[in-house]
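J.: Below: one structure in structure tokens.
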Amino acid sequence: MMIIKENQNFHISLDNLIESKHMKQRQNRMLIENIHKQNIVDIFWVDKGHPNGPEIHVLLSKAIILILNARSSKVCTVLLARAKQISRYYEAIEQLPPFELLVYAMNNEVHGWNYI
């Protein structure tokens with residue numbers, strides 16, 4: 001079971017991100033160097049029951065999801081989102097997702113970028 005909550009009290013700077021060991025091993029997901037050029041659209045606290053604890057999911061302006069460990073604030077992974085992923089966050093808080101974010105996410109799917 002996944003618990004999603006909107007997190008309005010978590011400050012994130014895209015300029016000084018610290019990568020986890022897992023992230024450093026996943027060179028194919030190395031979008032980090034361009035992350036600071038994005039705008040933060042929303043931040044969600046996500047608990048999937050993972051042994052390392054809950055995560056902070058940062059939705060960026062071009063449908064990129066930055067996932068950080070909530071305890072350490074280290075970057076676990078970076079995803080190019082699908083539209084359904086974006087929609088799930090907003091369904092959990094009973095809001096509609098930003099249209100522009102969905103357009104970018106659909107573009108990720110059309111081009112297969114969500115598999116990068």
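J.: Part of a strand (DSSP E or B), at pLDDT 90 or above and acidic (D, E) - does that describe any residue in region 16-23?
T.: No: zero hits.
J.: Could you tell me which residue of region 68-101 is nearest to K37 (Cα to Cα), considering only residues that are of a type in the set (V, I, T) and surrounded by 20 or more Cβ atoms within 10 Å (Cβ to Cβ)?
T.: Ranking the qualifying residues of region 68-101, first place goes to V78.
J.: Moving on to the next point. Can you tell me which residues in region 82-94 are in contact (Cβ under 8 Å) with a residue 24 or more places away in the chain, over 17 Å from K48 (Cα atoms) and out of contact with any Leu (no Cβ under 8 Å at 6 or more places or on another chain)?
T.: R82
J.: Something else about it: Please count how many residues of region 42-66 are in a strand (DSSP E or B) and surrounded by fewer than 17 Cβ atoms within 10 Å (Cβ to Cβ).
T.: Of the residues in that region, 1 qualify.
J.: Of all residues in region 67-94 being out of contact with any helix residue (DSSP H, G or I) (no Cβ under 9 Å at 6 or more places or on another chain) and part of a loop (DSSP other than H, G, I, E, B), which is modelled with the lowest pLDDT?
T.: S73
The values are calculated or read from the model by the stated rules, or taken from the named source; none is laboratory data. Just so it is clear, the structure is predicted and the values come from calculations on it, not from any experiment. We place every Cβ from the backbone using ideal geometry, glycine too, and count neighbours over all the protein chains shown.
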